[in-house]
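FYI, it's all coordinate maths here, none of it is from the lab. The model shown is predicted, which means the values in this text are computed figures rather than measured ones. Neighbour counts are summed over all protein chains in view; Cβ atoms, including those assigned to glycine, are modelled from backbone coordinates with ideal geometry.
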Amino acid sequence: MTYVTGLKWSGLGFALLITVLCYQYYFLINAFWTKADIQRTDINPNNSPNGTEQYYGDDFLIWVSDAAGEAYRTFGNTATGAFKMALTITIAFSAVIGRAGPLEILIFVLFGGALYELNRQIIAQVNIDVGGSMTIFMFGGIQGTIAALLLAFTRQKDDLVQRVNYTSSRFNATISMIGSAFFWVFYPCIMLDVPWIFETAATNTGPFLGENGMINAYWAISSCVVTSIALSAALHGRIRIKDLMYGTFAGAAIIGTSAVHIFNPIAAILLGMIAGLLQPIFNWAE
């Protein structure tokens, strides 16, 4: 968010504003789409394969026994969901950073956030997207692309031709690299949000899958960054800071959904290398 020269520290302010709005808004929109029956969280657990618990995206259905008899209660993991929504809106807004302000952020959160949660609950019907390749990176990228095109072909056509919104400086690039390093370190921890689907406590696979996904995410991001650096040097004769910075996000995007299902580190490394080859080429084409 701080990569554009004209923003400097205000980019961090935009990121914090997005986070605060998403954390307040997600509690409402998650309950709205859940009660709209987009994803069923009130079905009988006895119809489930495990018989005791069902998991749908960020929502748990738990079988509870009390004095009045058996009851079925839904608990939304809304804190984690709000974080993922904030990450999605941040990715989308980064496509128009330098050309948009707080008003556009509010529009992104209100409309983009509602569509994000609808998209997540629909995908949760058929797949658990722990790392967010589909629900976070793809959706955020499409949303940001549409917003950027709308701005480019309307009120900001002249600014786009002059490329005034694409310049950076050493200070801005340094701050952005610090943010990329934090993302590199902390993004794999999102894999620990794997659902605990089990029949008995002895067969619980949640913790194993989470740790396995976290390790695969580290492998993919690391191999993607190394490959991006090598290809950047081959294409430009030097290492471009943009390729190094975007390498962390490309590696996370390609491994997000499949990380918990990969049990061979070579596969994770190969996925990261593919992302590392594509990312500098797209930057070069831009």
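The table that follows gives values for the structure above.
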read-out: Ranked THR248, THR34, THR78, criterion: other C-beta atoms within 10 Å, fewest first; value: THR78, THR34, THR248
read-out: Cα shape, the range 169-286, gyration tensor, a/c 1.5 rule; value: prolate
read-out: Length added when fully stretched, GLU211-VAL20, from 0.36 nm per residue minus Cα-Cα; value: 65.9 nm
